[in-house]
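*Asks:* Below you'll find the structure I mean.
The values are calculated or read from the model by the stated rules, or taken from the named source; none is laboratory data. Because the structure is a prediction, the values reported are computed rather than measured. Reconstructed Cβ throughout: ideal geometry from the backbone, glycine too, with neighbour counts over all protein chains shown. Only protein heavy atoms, including side chains, enter the accessible area calculation; ligands, DNA and RNA are left aside. Shrake-Rupley method; radii C 1.70, N 1.55, O 1.52, S 1.80 Å.
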Amino acid sequence: MCSVRVRGTNRIPQLILSMRELGAYGIEVGVYGSDDSYYAMIAAVHEFGITIRKAKGSIVLPERSFLRTTFDEKNDEWFKFVKKQIPKLLNGQTNARTICERLGAKMVGDIQIKLTQLSDPPNAPSTIAQKGSSNPLIDSGGLRMRITYKVVRV
């Protein structure tokens with residue numbers, strides 16, 4: 001007499017849980033922390049531009065968006081990155097938090113590249129003379145180094 005043992009494994013509940021977990025996270029990218037408040041201000045000024053009014057006229061720092069434009073340019077690529085991670089999530093090779101950590105690191109790298117390559121609008125000749133560089137968003141590299149991400153529960 002032969003005995004047969006059949007095991008049924010229904011992983012659908014786990015799959016649903018994994019997908020819900022992925023949807024429970026968000027990724028915030030920017031410059032954070034009280035120690036970096038100066039660089040957060042610099043990032044905001046460049047992202048949106050500013051006009052500084054003075055007694056003898058004004059100084060216009062034009063918008064040089066590096067956060068929003070990178071998001072617009074890379075959103076499809078980032079979506080594809082996550083889409084490629086879904087099979088690994090569903091078969092237990094990774095988890096939702098790890099996928100978000102990897103995406104956050106990718107987003108930071110893409111934003112840092114954009115920040116480095118951005119050249120328009122160019123610096124004024126007086127700014128180039130003062131800082132010794134024509135790259136509008138690179139001075140000491142402090143802003144680029146402070147771009148970071150946080151994985152948050154939504």
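*Asks:* Sorted by average packing, counted as other Cβ atoms within 10 angstrom per residue and highest first, what order do 57-69, 107-119, 81-93 take?
*Replies:* Sorting 57-69, 107-119, 81-93 by mean packing, highest first, produces 107-119, 57-69, 81-93.
*Asks:* Additional query: Normalised by the empirical 2.2 N^0.38 Å for globular proteins, what value does the Cα Rg of the chain take?
*Replies:* That ratio works out to 1.53.
*Asks:* Within the accessible area of segment 32-121, what % is carbon and sulfur when the probe is 1.4 Å and the other protein chains stay in place?
*Replies:* Whole-percent figure for carbon plus sulfur exposure: 56.
*Asks:* Taking the Cα centre of the chain as origin and charging only Cβ (+1 Lys, Arg; -1 Asp, Glu), how large is the dipole, in debye to the nearest 20?
*Replies:* For this selection, approximately 620 debye.
*Asks:* Separate question: Give me the one-decimal nm value for the distance between modelled label points at VAL152 and THR51, 7 Å along each residue's Cα-to-Cβ direction.
*Replies:* Reported label-point gap for VAL152 and THR51 is 3.2 nm.
*Asks:* Suppose the chain between ALA129 and ALA24 were pulled fully straight at 0.36 nm per residue; how much longer would it get relative to their current alpha carbon spacing?
*Replies:* 33.0 nm
*Asks:* Further question on the same structure: Which lysines, on any chain, are close to LYS106 with Cα under 22 Å apart, when same-chain ones fewer than 8 places away are left out?
*Replies:* Answer for LYS106, where 22 Å is the Cα cut-off: LYS74, LYS80, LYS83, LYS84, LYS88, LYS114, LYS150, listed by chain and number.
*Asks:* Shifting gears a bit: Please state the shape class of segment 42-103: rounded when a/c is under 1.5, otherwise prolate if a/b exceeds b/c and oblate if not, all from the C-alpha gyration tensor.
*Replies:* Prolate shape, in that a/c is at least 1.5 and a/b is the bigger ratio.
*Asks:* Note down the nm distance, to one decimal, between modelled labels 7 Å out along Cα→Cβ at SER65 and at ILE16.
*Replies:* Inter-label distance under the simple model: 4.0 nm.
*Asks:* Under the 0.36 nm per residue contour assumption, what length would be gained going from the current alpha-carbon distance of ARG102 and MET41 to full extension?
*Replies:* Result for the pair: 19.3 nm of gain on full extension.
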